[in-house]
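Here is the structure we will look at.
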Ligand code: AR6
């Protein structure tokens with residue numbers, strides 16, 4: 001699934017983030033930047049030890065922020081290591097932090113003249129963020145960014161498995177719907193007395 005946002009494209013695919021040939025892929029990292037499971041484990045396994053060598057020099061990364069390294073043996077020349085929020089109960093600024101994580105990743109890409117970038121579904125694995133909500137936040141943050149920044153030509157979400165893909169595809173369809181017109185009759189609800 002692919003939509004146009006201004007001059008840029010936003011694409012959803014089902015697949016493995018480590019196989020993407022965009023200029024950058026985003027890692028769903030943790031604040032140490034010293035590796036872990038899920039996307040993080042897969043990226044370091046496929047990319048080899050040179051990525052970790054650079055990560056060690058970065059001094060960690062706060063949730064909501066992102067830092068860049070080389071891509072090592074990956075097809076993508078760069079990895080942007082982004083730290084999403086751990087989901088607790090939705091009342092600890094998780095939504096704001098998740099949006100910030102996507103925004104910061106895109107800013108880091110722009111600062112490094114990166115025009116094509118692939119994201120995984122940050123925070124929806126080990127960090128437990130409900131994927132329906134995370135998909136809406138991820139997509140709307142990227143759409144807003146692309147509307148005001150033309151330097152990034154392609155943003156691809158790489159969803160792991162059919163289920164995750166469908167959740168993102170439904171969320172994107174909803175977000176791309178034109179807003180309801182004002183002429184629509186208002187819903188009159190019956191008041192119980
Ligand atoms: N390609 C694309 N998506 C993947 C892949 C892959 N190869 N592998 C898993 N996913 P997670 P988080 C999906 O746990 O929730 C690590 O230990 C997965 O199905 O990788 O942000 C870090 O070091 C899920 O939907 O990231 C941190 O400690 C999504 O990617 C912690 O996990 C994210 O799952 C970060 O947790």
- Message: Of everything in region 85-122, what is under 9 Å from the mean Cα position of the chain (by Cα) and part of a loop (DSSP other than H, G, I, E, B)? Give them in sequence order.
- Response: 120, 121, 122
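Is it the case that region 42-54 has a residue that's within 17 Å of the chain's Cα centre (by Cα) and over 17 Å from residue 76 (Cβ atoms)? Break it down stepwise before answering.
As a first pass, look at region 42-54 and keep what is within 17 Å of the chain's Cα centre (by Cα): 42-43.
Pick out the ones that are also over 17 Å from residue 76 (Cβ atoms) and you get none.
For region 42-54, residues within 17 Å of the chain's Cα centre (by Cα) and over 17 Å from residue 76 (Cβ atoms): absent.
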- Task: Starting from residues that are near the ligand (Cβ under 6 Å from one of its atoms) and crowded, with 18+ Cβ neighbours inside 10 Å, keep the ones in region 6-37 and report whichever is farthest from residue 153 (Cα to Cα).
- Result: 30
- Query: From the set of residues in region 139-166 that are more than 14 Å from the chain's Cα centre (by Cα) and within 16 Å of the ligand (Cβ to nearest atom), which is nearest to residue 7 (Cα to Cα)?
  - Reply: 166
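I need the full set of residues from region 22-46 which are assigned to a loop (DSSP other than H, G, I, E, B), more than 21 Å from residue 162 (Cα to Cα) and in contact (Cβ under 8 Å) with a residue 40 or more places away in the chain, in order please. If you could, list the steps in order and put the result at the bottom.
So in region 22-46, the residues assigned to a loop (DSSP other than H, G, I, E, B) come out as 22-23, 30-37.
This time we only want the ones that are more than 21 Å from residue 162 (Cα to Cα), so: 22-23, 30-36.
Listed by number, the residues that qualify are 22, 23, 30, 31, 33, 36.
Here, each number is a calculation from the coordinates, and none is a lab measurement. Nothing here was measured: the structure is a model prediction, and the numbers come from that model. Ideal geometry is used to build each Cβ from the backbone, glycine not excepted, and the neighbour counts take in all protein chains shown.
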